[in-house]
Amino acid sequence: MQKPTEANFVGTTTSQTHSSSLSPCLTPGDKHDRRLLANVHPPDWVNPIPDGRYNLVVIGGGSAGLVAAAGAAGLGAKVALVEKHLLGGDCLNVGCVPSKSLIRSARVFGDLALASDLGVMVPDAVTLDFGVVMERVRGLRAEISEHDSAQRFADLGVDIFLGEGRFIGPEQIEVAGQVLDFKKALIATGSRPMRLPIQGLEQVGYLTNESIFELRELPRRLAVIGAGPIGAELAQAFRRFGSELILFDMMPRVLGREDQQAAAIIQQTFRDEGIVMALGSRINQVLLTERGRVIQYAVDGARKEVVVDAILVAAGRTPNVESLNLEAAGVTYHDKGIIVDDGLCSANPNIFAAGDVALKHQFTHMADATARIVLQNALFPGPRKKLSDLVVPWSTYTDPEVAHVGIDPQEAEEAGPAVETFVQAMADVDRGRTDGETGGFVKIHVRRGSDQILGATIVARHAGEMINELTLAMATGTGLKKLAGVIHPYPTQSEAIKKVADQYNRTRLTPRVKSIFRHWLAWRR
Ligand SMILES: Cc1cc2nc3c(=O)[nH]c(=O)nc-3n(C[C@H](O)[C@H](O)[C@H](O)COP(=O)(O)OP(=O)(O)OC[C@H]3O[C@@H](n4cnc5c(N)ncnc54)[C@H](O)[C@@H]3O)c2cc1C
């Protein structure tokens, strides 16, 4: 295995900021990337002439911006969408789509590790063709990009302006030398990988989610900095492909925001799969030597170093606000992004924000959900939709997956007697056993004294699918008691949810109720 090419690294070689250049996330000349580009940033695109005052101008053509633009155009509004880089934003180009495509290949290795337990003897010499894996990633991305293409949105009636947008007043945006007047505007400029103040890191060069999907060769030794969802998912995938992997985080555990029990399962899985974990560590310096990239760090009071071929930085996100000239529009912001109220309106009553640039929960489905709130609040009179009314699920696509909805795991742990928690181990669910996937659980929190579901965490191979039942229950006000009466096909892993509901119902049978029932049955004999 060779080192990835220097061109893939940010740091000295390429700029980390969103620039007008389309590198480093695309490879010039690659047929899939050419197809992608033809869809999401056509080289021959000519911006339209602005057509009077727009009902809505959207800055940023990622998940939030596209949903808002399509929705507004569908309602008959006059809409302009401004995108400086690639339509589809992070999710399509350098986020969900490529990472989940890559993870699918890595999952095969997870199955192979289980194969002999299942009676399937796999020859030792199973090999990886990393080139094929990555070509599949780029191919899928290009295929899916049809959906987000400039032409498709133009056909929907959206005026597409390619170029960097910036405010030049409270009701005007400038892009590529043209001025767009608006009644309402939406800032949906997303986020980018956070830069880390580690000595030597910029000089040595590193990968981020913006460059890793263009790798052509598997790094033999890879360090991942950041054990949150993005770092954890990619660390496991690259380890399964065969990279020697060291995972760094300042926090003492992986997936720091998740339920502790869930994180412990993932941590043990990583350990079993051979990921070296430097948790609770502090990186002091990074050096480029003949041996490779040397990371000097401190953990548990000891000074250590490790030599790797590549470093992936996945340690948080920075909102894209700097280039927008927000002062000219009277929009306020801080280091977490645009400051908005519960209706997603900024300090300027005509300017809203949605997606990563304004949210704590930085997910594609939240970009989508918040864009819909903005559509309602910006374009319609009447009652405003509220961010705080949303029931928010998320899923981390490690193997097993960790999915969560509702009350923050930490909040649930700290709530004490106000919250009652029920847990079902997957080891006692028949389908968990038949699948050989017994390591997870379903945990549901209810308000004490009622069956109102406040939140849940699931660890299971397809936890991201299973969580939807609980999200629906929460969104529709369906209590846990009712879920016991919902027929779940046997055998499915989702039966774990019904078993939790059964547990809940059993706790409602007080000794008095049980005694009355026993007497009644005896009388009927
Ligand atoms: C590796 C990775 C994996 C992920 N996996 C998942 C997942 O599995 N599930 C999930 O729900 N979420 C996932 N996410 C998060 C998800 O990608 C983001 O939450 C989502 O893309 C946010 O959408 P957005 O529209 O807010 O911003 P973005 O998608 O970032 O779009 C913002 C757009 O604005 C443009 N822009 C910025 N400034 C300007 C300007 N001044 N003028 C014009 N255009 C501008 C940018 O070029 C960009 O195209 C992942 C993220 C990463 C990095």
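Scanning the range 198-213 for any residue that is farther than 30 Å from residue 298 by Cβ and not assigned by TED's automatic domain parsing to the domain that holds residue 371 turns up at least one such residue. Within the range 46-72, restricting attention to residues that are buried (at least 17 other Cβ atoms within 10 Å of the Cβ) and part of a loop (DSSP other than H, G, I, E, B), which residue is farthest from the ligand (Cβ to nearest atom)? Here the residue is 50. Please tell me if residue 80 is modelled with pLDDT of 95 or more, buried (at least 20 other Cβ atoms within 10 Å of the Cβ) and part of a helix (DSSP H, G or I). Considered against the rule, which asks whether it is modelled with pLDDT of 95 or more, buried (at least 20 other Cβ atoms within 10 Å of the Cβ) and part of a helix (DSSP H, G or I), residue 80 comes out as no.
Return yes or no: is residue 76 under 25 Å from the mean Cα position of the chain (by Cα) and either assigned by TED's automatic domain parsing to the domain that holds residue 356 or more than 8 Å from the ligand (Cβ to nearest atom) (or both)? Against the criterion (under 25 Å from the mean Cα position of the chain (by Cα) and either assigned by TED's automatic domain parsing to the domain that holds residue 356 or more than 8 Å from the ligand (Cβ to nearest atom) (or both)), residue 76 does not qualify.
Give 273, 290, 258 a once-over and let me know the one that is away from the ligand (no atom under 14 Å from the Cβ) and in contact with a Ser or Thr (Cβ under 8 Å, 6 or more places away or on another chain). If you could, list the steps in order and put the result at the bottom.
On the way: 273 fails: in contact with a Ser or Thr (Cβ under 8 Å, 6 or more places away or on another chain); 290 fails: in contact with a Ser or Thr (Cβ under 8 Å, 6 or more places away or on another chain).
Sole residue among the options that is away from the ligand (no atom under 14 Å from the Cβ) and in contact with a Ser or Thr (Cβ under 8 Å, 6 or more places away or on another chain): 258.
Selection of the range 316-360 for residues being within 12 Å of the ligand (Cβ to nearest atom) and either more than 16 Å from residue 58 (Cα to Cα) or more than 23 Å from the chain's Cα centre (by Cα) (or both) yields 316, 317, 318, 319, 322, 323, 324, 325, 326, 337, 359, 360. Among the residues of the range 372-399, the one identified as touching a Ser or Thr at 6+ places or on another chain (Cβ under 8 Å) and within 8 Å of the ligand (Cβ to nearest atom) is 397.
Number of residues in the range 83-96 that are surrounded by fewer than 21 Cβ atoms within 10 Å (Cβ to Cβ) and more than 7 Å from the ligand (Cβ to nearest atom) equals 0. The residue that is surrounded by the most Cβ atoms within 10 Å (Cβ to Cβ), counting only those in the range 324-379 that are in a helix (DSSP H, G or I) and polar (S, T, N, Q), is 370. With respect to the conditions (1) touching a residue at least 24 places away in the same chain (Cβ under 8 Å); (2) more than 11 Å from the ligand (Cβ to nearest atom); (3) among the small types (Gly, Ala, Ser), residue 99 lacks only one, and its number is (2).
For the range 385-403, the criterion of being part of a loop (DSSP other than H, G, I, E, B), on the phi < 0 side of the Ramachandran plot, among the basic types (Lys, Arg) and in contact (Cβ under 8 Å) with a residue 40 or more places away in the chain is satisfied by at least one residue.
Matching residues to (1) surrounded by 23 or more Cβ atoms within 10 Å (Cβ to Cβ); (2) assigned to a loop (DSSP other than H, G, I, E, B); (3) touching an Asp or Glu at 6+ places or on another chain (Cβ under 6 Å):
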site	(1), (2), (3)
196	no, yes, no
227	yes, yes, yes
231	yes, no, no
248	yes, no, no
256	no, yes, no
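Tell me whether the range 186-194 contains one or more residues that are among the polar types (S, T, N, Q), in contact (Cβ under 8 Å) with a residue 60 or more places away in the chain, surrounded by 24 or more Cβ atoms within 10 Å (Cβ to Cβ) and assigned by TED's automatic domain parsing to the domain that holds residue 164. Show your work before the answer.
Let us first name the residues in the range 186-194 that are among the polar types (S, T, N, Q), namely 189, 191.
Of the ones still in play, those that are also in contact (Cβ under 8 Å) with a residue 60 or more places away in the chain are 189, 191.
Within this subset, residues satisfying the condition of being surrounded by 24 or more Cβ atoms within 10 Å (Cβ to Cβ) are 189.
When the remaining residues are screened for being assigned by TED's automatic domain parsing to the domain that holds residue 164, the result is 189.
Taking every residue of the range 186-194 in turn, at least one turns out to be among the polar types (S, T, N, Q), in contact (Cβ under 8 Å) with a residue 60 or more places away in the chain, surrounded by 24 or more Cβ atoms within 10 Å (Cβ to Cβ) and assigned by TED's automatic domain parsing to the domain that holds residue 164.
In a residue-by-residue description of the range 116-127, the property of being crowded, with 16+ Cβ neighbours inside 10 Å and in a helix (DSSP H, G or I) applies to no position.
If we scan the range 135-156, do we find a residue that is over 22 Å from residue 80 (Cβ atoms), in contact with a Pro (Cβ under 7 Å, 6 or more places away or on another chain) and in contact (Cβ under 8 Å) with a residue 60 or more places away in the chain? Scanning the range 135-156, I find at least one residue that is over 22 Å from residue 80 (Cβ atoms), in contact with a Pro (Cβ under 7 Å, 6 or more places away or on another chain) and in contact (Cβ under 8 Å) with a residue 60 or more places away in the chain, so the answer is yes.
Checking the structure you have, find out if any residue of the range 165-176 is touching a residue at least 12 places away in the same chain (Cβ under 8 Å), within 28 Å of residue 140 (Cα to Cα) and of a type outside the set (Phe, Trp, Tyr). Taking every residue of the range 165-176 in turn, none turns out to be touching a residue at least 12 places away in the same chain (Cβ under 8 Å), within 28 Å of residue 140 (Cα to Cα) and of a type outside the set (Phe, Trp, Tyr).
The values are calculated or read from the model by the stated rules, or taken from the named source; none is laboratory data. For clarity, every value in this text was computed on a predicted model and none was experimentally measured. Cβ sites come from the backbone with ideal geometry, for glycine too, and all protein chains shown count toward neighbours.
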